[in-house]
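Just below is one structure, and these are the notes that go with it.
Every number here is computed from the coordinates shown, using simple stated rules; none is lab data. Owing to the predicted nature of the structure, the values given are computational and were not obtained by experimental measurement. Cβ atoms come from the backbone with ideal geometry, glycine included; neighbour counts cover every protein chain shown.
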Amino acid sequence: MSAAGPPLVKLTIDGTLVEVPAGTSVFDAARTVGIEIPTLCHAQHQTPVGVCRVCTVEVAGARVLAASCIRHARNIAHRRAGQARGN
Ligand code: FES
């Protein structure tokens, strides 16, 4: 019998590689490496609702900012909103 958990996803947040179980929010993934994303409507141990947009992040290839508290981490790069873009 295998005790394997959910598959892992690798993402980059502000240039830091993060590896978390699938289904983890970008917000929680950032916290695992000490990156704090501000929130307003999201509190620990409560179901996130994603309405205030304070926690928005840039997602590589996405057209609009994403609420990190409700966006599941995927194998892509994320950057906190308001961070300077590097070219
Ligand atoms: S903290 Fe309000 S949308 Fe994420």
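Descriptive notes on the structure:
- Averaging the sequence gap over all C-alpha pairs within less than 8 Å and six or more residues apart, then dividing by the number of residues, gives the stretch 8-80 a relative contact order of 40 percent.
- Amide H to amide H distances under 5 Å link Arg80 with Asp14, Glu58, where only residues 5 or more positions off or on other chains count and H is placed in the peptide plane.
- Proxy reagent accessibility, fewest Cβ within 10 Å first, across Glu58, Glu19, Glu36: Glu36, Glu19, Glu58
- Within the stretch 8-80, the ratio Rg/Rh, alpha carbon atoms throughout and Rh by Kirkwood, equals 0.92.
- When DSSP beta bridges are restricted to pairs lying wholly in the chain, around 85% turn out antiparallel.
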